[in-house]
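To start, the structure itself, in structure tokens.
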Amino acid sequence: MAKNWTFENIPDLQGKTIIVTGGNSGLGYESVKAFALKGATVILACRNLAKGEKAKNEILKTNPSGEIQVMQLDLANLTSVEAFAKKFASEHKQLNVLLNNAGIMATPNIKTDDGFEAQLGTNHLGHFALTGHLLPLLKGTPQSRVVNVSSLAHKGGKMDFNDLMFEKCRKFKPMRAYGQSKLANLLFTYELQRFFEANNIDCIAVAAHPGGSNTRLANHFETNKFMEAVSKIARGAMQPAAKGALPQIRASVDANVKGGDYFGPSGIGELFGYPVLVKSNAASHNEENARKLWVVSEKLTGVKYA
Ligand SMILES: NC(=O)c1ccc[n+]([C@@H]2O[C@H](COP(=O)([O-])OP(=O)(O)OC[C@H]3O[C@@H](n4cnc5c(N)ncnc54)[C@H](OP(=O)(O)O)[C@@H]3O)[C@@H](O)[C@H]2O)c1
């Protein structure tokens, strides 16, 4: 076996069912493609069905026998999240991996349909609700997994439970809100793992980050021609999405992964390279904040974990 963990290390996934949120673009697209090539049934969850079908058809060009089902999911709308989970549960009997990949970065100060700050609402609360709705299927599938995609940006994040939505004392800054949402992804992962252990549930919670990967994530920075050019140059220096997706793919399917693991790229500053175990910061391991986030997330989404 080669020293680096690559596509070749992905086991045979026939008989496995995997959901990838944001599966139409960037890291999600590459994850769908890889899982389908290894024989999984993959649910490409996307907010825009036309984009999802286009992505699916692109993948099928190189893998005509790929089992890919496109399903509508808008994480910025709790009704859509619940409808997705209900439809999935009515059509599938198992869920081996839920890859919570979708995300937005550095948006202006806008709200989700339910009135949450957009980045916390989409990146964390939408996935919190989705995971909670899918819990019965995760519980019913032996050795299932939930994988949350965080970011190096979690290190700049701060949870302010008095002003999670930047409406009271905190000045809104796009990357400050992104950092908070990515820190929330990790707090949620570790608390979810404790929940699984405390309740003897045969499921693990794992996290991953892609370093710097060339995707459409930074499109909110591209507000004019100049910024577009700068962004294009920056993206050109990043690793390709197919490589950036390897940490979340490894977290999803490597048999040696343990609950609470966090994977990222091996290179300098974890910006690029092959997937290895990495460490998240102290704030992400703050159990008091993880508990608080869990309680407030249940309250805000109305989804109770039981
Ligand atoms: N690229 C990087 O360097 C980098 C670094 C650190 C972390 N990450 C994380 O990696 C994950 C994937 O991002 P990416 O880089 O692959 O970016 P991307 O190419 O922009 O893909 C993001 C995906 O999320 C989807 N999405 C956004 N809002 C959604 C919503 N409300 N409901 C459902 N889906 C929604 C997008 O759908 P549309 O196509 O419809 O917009 C798209 O499919 C994110 O969680 C991001 O925070 C990326």
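Select from region 98-108 the residues that are away from the ligand (no atom under 11 Å from the Cβ) and out of contact with any strand residue (DSSP E or B) (no Cβ under 7 Å at 6 or more places or on another chain) and list them in ascending order.
Across region 98-108, the qualifying residue is only Pro108.
What single numbered condition from (1) farther than 17 Å from Leu300 by Cα; (2) out of contact with any helix residue (DSSP H, G or I) (no Cβ under 9 Å at 6 or more places or on another chain); (3) at pLDDT 95 or above fails to hold for Cys169?
Tallying (1) farther than 17 Å from Leu300 by Cα; (2) out of contact with any helix residue (DSSP H, G or I) (no Cβ under 9 Å at 6 or more places or on another chain); (3) at pLDDT 95 or above, Cys169 fails exactly one: (3).
So in region 44-82, with the set limited to residues that are touching a strand residue (DSSP E or B) at 6+ places or on another chain (Cβ under 8 Å), more than 11 Å from the ligand (Cβ to nearest atom) and part of a helix (DSSP H, G or I), which one is farthest from Gly302 (Cα to Cα)?
Among residues in region 44-82 that are touching a strand residue (DSSP E or B) at 6+ places or on another chain (Cβ under 8 Å), more than 11 Å from the ligand (Cβ to nearest atom) and part of a helix (DSSP H, G or I), the one farthest from Gly302 (Cα to Cα) is Leu60.
Among the residues of region 153-183, write down those that are in a helix (DSSP H, G or I) and of a type in the set (D, E, K, R).
Result: Lys155, Arg176, Lys182.
Given the conditions (1) away from the ligand (no atom under 11 Å from the Cβ); (2) touching a residue at least 60 places away in the same chain (Cβ under 8 Å); (3) part of a helix (DSSP H, G or I), and given that Leu95 satisfies all but one, which numbered condition is not satisfied?
(3)
Go through region 23-38 and give me each residue that's part of a loop (DSSP other than H, G, I, E, B), touching a strand residue (DSSP E or B) at 6+ places or on another chain (Cβ under 8 Å) and under 14 Å from Ile249 (Cβ atoms).
Residue satisfying the conditions is Gly23 alone.
Step by step: first the residues of region 83-92, then only those that are away from the ligand (no atom under 16 Å from the Cβ) and of a type outside the set (Lys, Arg), then the one that is surrounded by the fewest Cβ atoms within 10 Å (Cβ to Cβ). Which residue is that?
Per the stated criteria, the residue is Ser90.
Let me confirm something: among Ala153, Ala198, Ala234, Ala207, which residue is more than 22 Å from Arg47 (Cα to Cα), of a type in the set (Gly, Ala, Ser) and more than 16 Å from the ligand (Cβ to nearest atom)?
Ala198
The values are calculated or read from the model by the stated rules, or taken from the named source; none is laboratory data. Please read these numbers as outputs of a predicted model, since none were measured by experiment. Heads up, the Cβs are rebuilt from the backbone with ideal geometry, glycines too, and the neighbour counts pull from every protein chain shown.
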